[in-house]
Amino acid sequence: MQPTKDNRSLAIGLALGAALLLAFAAFSRTWVARPNGIGFGPMGCSKCNVAVARSVDAPEPSSTMSNSAFMDMLRATGADDRYTSSAFAPMGWATFGLCLLAALGLLGAAGIALGHKRPDLPIAPTTVALLATMLALITGCVFVATKPGGPGFVGVAMGFWAFGIGAVMGIAAAQMLAKINRPIDPDLLADAMNPEQY
């Protein structure tokens, strides 16, 4: 049964929306944040080093830095090991890459659906998007769970919500587009009863 035009439009819209949200989340520095502007994202943190610099009477550096540099700075101040997870920075980079990979897969699948093509590819963009999104859900949750500081230091913010909504939309869009873009199955029984073959 051929997918209806409405399903195609909905799937393309979901894919484009999810790709936009995942790309925003990948570059956002507000996955976990405080009301005063200190925030962390997969690529690094903003204003966090200023707060630490003030606590140790160091000169104020630039307002952004990488997550690993921030963790090193916290450890240099004698922070408890419970609040400086070594998984935080690597999970951020993994989430960053997976979000972008999922967004690219969704954009590729939406482009194929827009062109009304059904190519027979070794690996479909929908498969890439689906796998990357599922893995990003794991790495993203570990990234947030291993955030620096004790309870209440930072809470989830806009970047994390954009990621969550984009991931759910991406999974739904990838499954819908997989059906729409699936190559036409060959008829294995065509000419099965051709008398010239016997």
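The values are calculated or read from the model by the stated rules, or taken from the named source; none is laboratory data. Worth saying up front: this structure is predicted, and the values here are computed from it rather than measured. For neighbour counting, all protein chains shown are included, and Cβ atoms are generated from backbone atoms with ideal geometry for every residue, glycine included.
Regarding LEU106, is this residue out of contact with any Pro (no Cβ under 8 Å at 6 or more places or on another chain) and modelled with pLDDT of 90 or more? Spell out how you get there, then give the answer.
On the way: out of contact with any Pro (no Cβ under 8 Å at 6 or more places or on another chain): no; modelled with pLDDT of 90 or more: yes.
Spelling it out, it is not the case that LEU106 is out of contact with any Pro (no Cβ under 8 Å at 6 or more places or on another chain) and modelled with pLDDT of 90 or more.
Looking at region 60-71, is at least one residue assigned to a strand (DSSP E or B) and modelled with pLDDT under 90? It would help to see each step written out before you state the result.
Let us first name the residues in region 60-71 that are assigned to a strand (DSSP E or B), namely 64-65.
When the remaining residues are screened for being modelled with pLDDT under 90, the result is 64-65.
Yes - at least one qualifying residue is present in region 60-71.
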Study note, to complete from the structure: Exactly one of GLY170, GLY166, GLY97 is in contact with a Ser or Thr (Cβ under 6 Å, 6 or more places away or on another chain) and within 15 Å of PHE24 (Cα to Cα), and that residue is GLY170
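When you go through ILE165, ILE180 one by one, which is the residue that is hydrophobic (A, V, I, L, M, F, W, C) and under 14 Å from the mean Cα position of the chain (by Cα)?
Values: ILE180 fails: under 14 Å from the mean Cα position of the chain (by Cα).
Within the list ILE165, ILE180, the selection yields ILE165.
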Exercise for review: Filter region 155-181 down to the residues that are touching a helix residue (DSSP H, G or I) at 6+ places or on another chain (Cβ under 9 Å) and modelled with pLDDT under 85, then identify the one that is nearest to ALA19 (Cα to Cα).
Suggested key: ASN181
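Could you tell me which of the residues ALA109, ALA132 is buried (at least 18 other Cβ atoms within 10 Å of the Cβ) and more than 24 Å from TRP93 (Cα to Cα)? Give the derivation first.
Details: ALA132 fails: more than 24 Å from TRP93 (Cα to Cα).
Of the residues listed, the single one that is buried (at least 18 other Cβ atoms within 10 Å of the Cβ) and more than 24 Å from TRP93 (Cα to Cα) is ALA109.
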Exercise for review: Any residue in region 55-78 that's farther than 26 Å from SER28 by Cβ: show its pairings with residues that are at pLDDT 70 or above and surrounded by 11 or more Cβ atoms within 10 Å (Cβ to Cβ) at Cβ separation under 7 Å, as long as the two are six or more apart or on different chains.
Suggested key: VAL56/THR77
Check your understanding: Which one is surrounded by the fewest Cβ atoms within 10 Å (Cβ to Cβ) among residues in region 135-152 that are out of contact with any helix residue (DSSP H, G or I) (no Cβ under 8 Å at 6 or more places or on another chain) and not small (Gly, Ala, Ser)?
Key -> PRO151
